[in-house]
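Here is the structure we will look at.
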Amino acid sequence: MLQMADILKAFKEYRGDALVVPGKSARYWTDLTTRPELDVPLTPGSAMGGRVAFAFGLALAQPDRKVVLFDSEGDLMMAFNILPSIAEQAPKNFYHFVLDNECYATTGGQPVPNAKNIAYDVIARGAGYARTFAYDNLESFQINLERIMSGPGPVFVALKIVPEIENEPIGQRKRVSTRNPEQVRQDLWKALGIAG
Amino acid sequence: MAQASEALLNPETVLAELKKNAVSHVVWLPDSETNWLYLLMKAEPSLTLVAVGREGLAFSTAAGLYFGGKTPAILIQNTGLMEAGDSLRGWALGLNLPVVLIVGYRGWTRHGVTTDTAAVYVERFLHAFGVNYYLVENDRDAPRFSLAFEEARKTRRPVTVLVGDEYHGFNR
């Protein structure tokens, strides 16, 4: 099992000028990032299950820049049917990491369906991703991260992580992003030179 | 003959409206009779077609395209629109997405009783979300596409075009 924070610390070295959709990993990424204008944190508020399609759309719109998504397995379970769409369009700039804690951590840790016996990398490969990987320890992940990031997308990386279960009422949880979605978009467009 | 042709919604008309409004990507799941429109769109170099397997994902895909500076449109059927309610809420209304939804109005009829519940509920659904819509039945209604695009840009909200006719040409 990997720790979410360790994954992000390892990835930071390879970020470059990639656009990052951090998802639930924003709780750590917000403190690690040096290019917040290129980060697209959109939770909460957006509908669960759509993050992978959002990042996919972003990758299609910005084909000359890497787009890195930190997805979660609960989200992905709601969106498996976007995987063939991604494979069909095959954006070479799309890097899809799935942080698999085997549970719905934000609702108290209930297991996702078939939590311990599902192989997300196999599903992605079956959908048509050319490059898929799966790791359950930090050392193997760190050794292979350069190869993952230097090769073309779409690439899919399933990572077994330690659950960080939340039981506090939602209203009492610490907000991970201080920017609302409109501010995020404006910052992004400014950084990308898109006229608003 | 001209009158008979104008009484239909020709797929060429829809494509012309997409081009006129600078649509870059059509995120879509096939409607009942969209084959001829599909072939036209596929042959149009200024458009990228992005097929999705479920309508809700069309909204988040379109949101990503918009955040990346592109101009997507969504082409789905009314059944799928209703299935995609939470995505419409979160990824379109929640992100101020100025997108036009071109929605096949399956089951709609101007005459007699509408029995298909896909048609019965769709306008009520749009009212519930506060999403404005325009009905397009034939080529004479084509300017309504541009009205929808203009309204979406101005209000930075999704706007719907309900297509109350099938796209003719499926059997050409």
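At-a-glance table
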| item | result |
| --- | --- |
| Within the range B:31-135, helices (runs of 4 or more DSSP H) holding 1 or more residues that are farther than 24 Å from residue B:9 by Cα and among the acidic types (Asp, Glu) | B:78-83 |
| Selection count, the range B:86-119, where residues are surrounded by fewer than 15 Cβ atoms within 10 Å (Cβ to Cβ) and on the phi < 0 side of the Ramachandran plot | 7 |
| Selection within the range A:85-123 - within 23 Å of residue B:55 (Cβ to Cβ) and among the hydroxyl-bearing types (Ser, Thr, Tyr) | A:85 |
| Meets criteria (surrounded by fewer than 24 Cβ atoms within 10 Å (Cβ to Cβ) and in contact (Cβ under 8 Å) with a residue 60 or more places away in the chain) for residue A:25 | no |
| Yes/no for residue A:22 being over 14 Å from residue A:97 (Cα atoms) and of a type outside the set (A, V, I, L, M) | no |
| Which numbered condition residue A:19 fails, given (1) within 16 Å of residue A:156 (Cα to Cα); (2) in contact (Cβ under 8 Å) with a residue 12 or more places away in the chain; (3) within 13 Å of chain B (Cβ to nearest Cβ) | (1) |
| Flag if residue B:88 is touching a residue at least 60 places away in the same chain (Cβ under 8 Å) and within 10 Å of chain A (Cβ to nearest Cβ) | yes |
| Index of the failed condition, residue B:93 passing every other in (1) without any contact (Cβ under 8 Å) to a residue 12 or more places away in the chain; (2) over 24 Å from residue A:80 (Cβ atoms) | (1) |
| Residues of the range B:136-164 satisfying the condition of being surrounded by fewer than 22 Cβ atoms within 10 Å (Cβ to Cβ), aliphatic (A, V, I, L, M) and part of a helix (DSSP H, G or I) | B:147 |
| For residue B:93: the one exception among (1) modelled with pLDDT of 95 or more; (2) out of contact with any Lys or Arg (no Cβ under 8 Å at 6 or more places or on another chain) | (2) |
| Residue within the range B:57-68 that is over 21 Å from residue A:85 (Cα atoms), within 14 Å of chain A (Cβ to nearest Cβ) and modelled with pLDDT of 95 or more present | no |
| Odd one out for residue A:81 among (1) over 26 Å from residue A:118 (Cα atoms); (2) over 15 Å from the mean Cα position of the chain (by Cα) | (1) |
| Positions within the range A:129-147 being of a type in the set (A, V, I, L, M) and surrounded by 14 or more Cβ atoms within 10 Å (Cβ to Cβ), in sequence order | A:130, A:134, A:138, A:145 |
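The values are calculated or read from the model by the stated rules, or taken from the named source; none is laboratory data. Here the structure is a predicted model, which means the values were calculated and not measured. Backbone-built Cβ (ideal geometry, glycine too); neighbour counts: all protein chains shown.
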